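Contents: one structure, followed by commentary.
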Amino acid sequence: MPGALQPHLVVLTNLFPHSGTPGAGMFIRARMFRVAAELPMTVVVPVPWFPLQGLIRCFVPNYRPPAPRAEVQEGIRILLPRYFSVPGLFRGLDSFFIALACLRLLQRLTREAPVNIIDAHFAYPCGHAAVLLGRWLGLPVTITMRGSEVSLSADPVRRRKIVAALNGASRVFSVSDSLRRHAGELGADTNRIRVVGNGVDLACFFPEEQAAARSRLGLPLDAPVLVSAGGLVERKGFHRVIDCLPALRERFPGLRYLVVGGPSPEGDIGARLKQQVASLGLDGVVHFLGALPAAELRWPLSAADVFVLATSNEGWANVFLEAMACGLPVVTTDVGGNAEVVSAPHLGSIVPFADAGALTQALAEALDRDWDRQRIRDYAAANTWDSRVAVLVTEFRALARSVPAAVGASSRRLETNG
């Protein structure tokens, strides 16, 4: 029966954890592997490549880390085709090269299941590539907007392709309403965009006893402690928090600041942050803990009093809910979907972006305030992955039912003619 048709998802994303970059795109994996518990799935991760790019790693060690061709995670195939990409050149063609590199692979995958839905993450480049592939192969396409669309749309070429992707997809999801509104401002049809935020895993994120957490990290039991977590990149704003510390220490002399994170595909400003700490005389105040697996992140969160992220752009930051699940109030900037997560005064505070005075004052007030941490945890518990995944699975099944029985015929013709 048509209603019993099970979609086989092909998740297309250039940001996903694998043995080459184990910390990349964990938020995509968390979301889609939960969907995979309900629906069959294959993950396709296009990897940028050009001849002799390995030589660049002699000078920039973290540049495009080597990646496998394929691997299996929790029983799910991860396929990593290479696509042509020269640094700084022809970046407006990335989506075309991704589509070209994935064409034969997706032709093979469409033969393995009765229906495929190409589920792309980020409107560009993978969203636009997915729309091209969907057109060539006769397959429906979904796109999830995650936040990079804001910065990428500043470039006219990419902006046109973002809009073309959003209007060409069968269904669009957005992790926040602010992103949905941004898409409308660009010219996309917002009536076709459904907001489905990210969630939190309460089995992974829960409060440990603070004294035990501080002892584990070698922190004083009576010190006021701030914590931030994310890739060590400009956008996340660790440097903005560090700039506030001298003024905060006048009021809180024993203050400590925990920085959890490491290099990411966006870059690495770790050395710059350490230089900033040294120049401000904050050695011993700022603790760089490095990148931690999700199962370990609850320890620094439990050791802290307040979570802070002075970010310049976010779609929906999972780490806010992860911090709240550990009982932490959140101080963050009024950008992207931040105010949609930190949506009430009992959860934390929102400050104007790049206002150092407002950020310093908000952090001081947060450290002084007696928070109802159980109420904060209850809010996180109401935003688990289960409710999000149920919406996505329903949408995917509805889309599969709407696909004609002949779907994939065009891909088989391409295979035959090729």
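Cα extents of the chain along the three principal axes, largest first, in whole Å?
73, 49, 40
Cα atoms only: what Rg and Dmax, in Å, come out for region 99-152?
11.6, 38
Subtracting the Cα-Cα distance from 0.36 nm times the residue separation, let me have the gained length for residue 346 to residue 272 in nm, one decimal. Let's see the in-between values first.
Values: separation 74, 0.36 × 74 = 26.64 nm, distance 3.43 nm.
Result for the pair: 23.2 nm of gain on full extension.
Take the chain, connect every pair of alpha-carbon atoms lying under 10 Å apart with a spring to form a Gaussian network, then pick out the residue of 50, 396, 122 with the largest mean-square fluctuation.
Highest fluctuation of the listed residues: 50.
So what is the calculated 222 nm ellipticity per residue for the chain, using -39500 (n - 2.57) for each DSSP H run with n of 4 or more, over all residues, to the nearest 500 deg cm²/dmol?
-12000 deg cm²/dmol
Given a 1.4 angstrom probe, I'd like the percentage of the accessible area of the chain that is carbon and sulfur, rounded to a whole number.
56 percent
How long are the three semi-axes of the equivalent ellipsoid for region 315-402, computed from the Cα gyration tensor as the root of 5 times each eigenvalue, in whole Å, largest first?
31, 16, 7
What is the spin-label model distance, in nm, from residue 296 to residue 391 if the labels are put 7 Å beyond Cα along the C-beta direction?
Spacing of the two 7 Å Cα→Cβ label points: 3.3 nm.
Would you mind pulling out the separation of the Cα centroids of region 302-360 and region 142-190, in Å?
The distance from the Cα centre of region 302-360 to that of region 142-190 comes to 24 Å.
Please work out the average accessible area per residue across the chain, using the 1.4 Å probe convention, and give it in Å². Let's see the in-between values first.
Numbers: 17270 Å² over 418 residues.
Accessible surface, normalised per residue, equals 41 Å².
Within 13 Å, Cβ to Cβ, of residue 195, how many net charges do the neighbouring residues add up to if Lys/Arg are +1 and Asp/Glu are -1? Don't skip to the end; give the middle numbers.
On the way: positive: 146, 171, 180, 181, 192, 194, 388; negative: 177, 340, 395.
Every neighbour counted, the sum reads +4.
The values are calculated or read from the model by the stated rules, or taken from the named source; none is laboratory data. Everything quoted here is computed from the prediction, not taken from an experiment. Using ideal geometry, Cβ is built from the backbone for each residue, glycine included, and neighbour counts are taken over all protein chains shown. Only protein heavy atoms, including side chains, enter the accessible area calculation; ligands, DNA and RNA are left aside. Shrake-Rupley method; radii C 1.70, N 1.55, O 1.52, S 1.80 Å.
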